[in-house]
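Written out below as structure tokens is the structure these notes cover.
Any read-out appearing in this document is the output of simple, stated calculations on the displayed coordinates, not a laboratory observation. These numbers come from a predicted model, not from an experiment. Because the Cβ atoms are built from the backbone with ideal geometry, glycine has one as well, and the counts that use them run over all protein chains shown.
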Amino acid sequence: MPLFWKAYKSDTSDLIDSLKASKPTLEQEQRAGMALLWNKQVDREAQASFKTAQVKQQAYVYQSGSK
């Protein structure tokens with residue numbers, strides 16, 4: 001290893017580090033946003049009833065009815 005060796009740091013890493021330095025609450029805000037959209041409780045019973053209530057799609061979608 002050379003005497004003046006410096007570890008590589010990408011532009012993206014620099015951007016993320018500067019964002020975190022300028023806005024310390026960024027990670028908390030990201031987690032709160034993720035909780036709003038993705039972290040939801042799943043009602044397994046309702047999910048199972050929705051799945052059993054589905055009607056099977058016809059082979060040709062635009063057909064008006066089976067004969």
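Expressed as an acute angle from 0 to 90° and rounded to the nearest 10, what is the orientation of the C-alpha long axis of helix 11-22 relative to the principal long axis of the chain?
Taking Cα atoms only, the helix is inclined about 90 degrees.
Label-point separation (nm) for LYS6 and GLN58, each offset 7 Å from Cα along Cα-to-Cβ?
Going by the 7 Å Cα→Cβ label model, 6.9 nm.
Rounded to the nearest 10 degrees, what's the angle between the helix 44-53 long axis and the longest principal axis of the chain, both from Cα atoms, 0 to 90?
Once rounded, the angle reads 40 degrees.
What FRET efficiency comes out for MET34 versus ASP14 if R0 is 30 angstrom and r is the Cβ-Cβ distance? Round to the nearest 0.05.
After rounding to 0.05, the efficiency reads 0.80.
Pick the calculated Rg/Rh (Cα atoms, Kirkwood Rh) for this structure from (1) 1.42; (2) 1.70; (3) 1.35?
Comparing each candidate, only (1) matches the computed number.
For LYS40, list the lysines whose Cα falls under 22 Å from its own Cα; do not include residues on the same chain fewer than 8 positions away.
Within reach: LYS51.
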